[in-house]
Amino acid sequence: MPDQPSPVPLPDYSDPGTGYGEYFDWLEAELAAGREEVPPPEDGPPGPEFRQGAMADALCPGPLLHALTAQAAASPAALDDNEELGVISAARRLQNHAAWLELTAIADYTMRNEARHDASVARGDKRLHREGEFAQEALGMELMLSARAATDRMELARDLKARLPATFAGLRDGAISERKAAIIHHRTSHLSAQDAAAADAILAAAAPGSRPESLDRKAYRLARKLDPEYAARVKDEARSRRRVEARPEASGNASLSGRELDPADVLALTSDIKAEALRLRDAGLTGTLDEIMTTIYLDRLARRPTLPPGGDAGGGGDGGGGGDANPTTPGKGGGRMPVPAVVNILVSAATLLGLSETMGEANGWLLDPADTRALVEAASLHPQTRWCVSVVDATGEAVAHGCSAGQHPWTPPPPGGDQASGIAALLRDLKARFELIAKGSCDHRHREDQYEPSRKLRHLINARTSTCPAPGCGAQAIHNEADHTEPWPGGDTCEHNISPPCARHHHAKHAPGWKLDQPQPGHMTWTTPGGRTYQTGPTRYEI
């Protein structure tokens, strides 16, 4: 790197009439020359150039704006509010431009792999999987995203580059945020190429001065105007994805909803629940209207009545329609419902006994200790529920696992007590027989002479690796496949050769250019068709 010349001094900032374009001309030349570092001006950061309407306040993203913004942000005390807001705006333009760089690369990557796949089809490739088929899995590994999230990102990138050039240019120039670009993509994805092009020109011009919510409404109205059948087509397609969706809330609570339902049905049901809530509130049931409506909603799902104090469901509405009478308190829910065995609950023994505040997990959700204990209590009442116990070492890796036969209803013990004796009593009650989990090397004690691993071997594998072993994938192992890393019968049905990938990553392993190795039990090395490698290891449980 050549020697850095002394920086060109800036004029006195207090005199806005003087010109200091000489410094910025020099700075841009230095950046264009490929210097790794650009020295700041002698007289401090270029704050005045970020004032509204000044040069830096209007610069498009690039090396010069990046250098100026970094210099200004390094000395915030030298900036007034006008200049600070200019720096914030510049940083946002740089962020938008960075998103354009990423999406440009993703679009090129996506189109290249689609071309490979199409060429493979054209050649009449008879293999089960073709080249380029699992490009989203490779991208997900690089960005630590699920394959679904990677697919969404690829669709966004390809659409912006191929169908929405005005929006993509706005992202490049920093005028349109990625969130707004995604809104335009979403609202135009069901339009023809011609209508999408017309919408792109209008929406790209409106996006910089619009709030995201306003832009979304404008885009929806415009799409319906351009294509009268747009709304019906979108709704019909979405209805094919009707589902009941449960998700954790940021607060630690949860939500349960029906998605893509008929609007008339939803409005009618909501109105009916509200009318019943008003009737019960008038009858003396305490709580806010929202709390009472929530209780009715849950009680109807559980087929139990919601009763006012000292009364019965009587008059208007069946309060849930049948089932065992189990009156509830608004916002609290009724008696504990048994939880079906398809819920996989992970909890430390100390938390279970009320001796630790370590959080639990249920199907990947984090649960507060009290909620964890309540869920375990409910799950233990279900006839299909079975207990499994894993012993972990100081690093959180599972070293042994055992399964308890039969049903074991459980009630949380009173607070306090000795942790060691409490855990010992729990294990005595469960009567689990422990097996060591191979770690570092495998002595093949659990090797089986069959293709399908036994329940015991699957449990050992799933205790060691609780999710899909692909980077970025969080699919729960209990619902995944038991895959031989080296195909059977050449590869053993044993701990050192079995892992629990999800179906997509299991298939990706067999696609052209992909390779999966398991050098140690539970330690996986993935190699993608592009030659990049990724390593994952056994689960580290929080203890």
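Every read-out reported here was derived from the displayed coordinates using simple, explicitly stated rules and does not represent laboratory data. Only a predicted model underlies this, so the values are computations on that prediction, with no experimental measurement involved. Every residue, glycine as well, gets a Cβ built from its backbone with ideal geometry; the counts of neighbours run over all protein chains shown.
Here are the numbers:
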quantity	calculated
nm² value of the averaged projected area, convex hull over the Cα atoms of segment 113-222	8.2 nm²
Nonlocal amide H pairs with H444, under 5 Å, H built at 1.01 Å	none
Stretch gain in nm, segment R540-A70, where the contour uses 0.36 nm per residue and the Cα spacing is subtracted	165.4 nm
Prolate/oblate/rounded call for segment 381-441, Cα gyration tensor, a/c under 1.5 rounded	oblate
L85/A169 FRET efficiency (R0 30 Å; Cβ-Cβ; nearest 0.05)	0.75
Sum of side-chain charges, D80 neighbourhood, beta-carbon under 14 Å (Lys, Arg +1; Asp, Glu -1)	-4
Estimated distance in nm for a label pair at R241 and T525, the labels positioned 7 Å out from Cα along Cα-to-Cβ	3.8 nm
Charged-residue dipole, Cβ positions (Lys, Arg, Asp, Glu), the chain about Cα centre, Debye nearest 20	2540 debye
Whole-Å distance, taken between Cα centres, linking segment 490-543 and segment 59-99	43 Å
Cross-link partners of K274 among lysines (Cα-Cα below 30 Å; sequence separation of 8 or more within a chain)	K235, K332
Mean residue ellipticity (222 nm) of the chain, computed from DSSP H runs ≥ 4 via -39,500 (n - 2.57), nearest 500	-13500 deg cm²/dmol
Candidate lysines - alpha carbon under 18 Å from K180, same-chain residues fewer than 8 apart omitted	K161, K218
Check: segment 345-436 dipole with +1 on Lys, Arg Cβ and -1 on Asp, Glu Cβ, in debye	400 debye
Whole-angstrom gap from segment 402-424 to segment 239-302, using each part's C-alpha centre	36 Å
Relative packing of peptides 396-402, 115-121 - highest average C-beta neighbours within 10 Å first	396-402, 115-121
Farthest positive-ward along the chain dipole, Cα basis, beta-carbon charges - from L65, L298, A90	L298
Rounded FRET efficiency, nearest 0.05, which uses the C-beta distance separating L101 from D152 and R0 of 30 Å	0.95
Linear extension gain, A254 paired with L128, 0.36 nm per residue minus alpha-carbon span	41.3 nm
Virtual spin-label span in nm between T395 and L143, 7 Å along Cα→Cβ	3.1 nm
Rounded, prolate or oblate (a/c below 1.5 giving rounded, otherwise prolate when a/b exceeds b/c) for segment 466-536 by Cα gyration tensor	rounded
Gain in span if fully extended, A78 to L261, counting 0.36 nm per residue against the direct Cα distance	60.4 nm
Positive-end extreme of charge dipole, the chain - chosen from G472, S348, H446 (charges on Cβ)	H446
Neighbour net charge for E357 - beta-carbon separation under 14 angstrom, K R +1, D E -1	-2
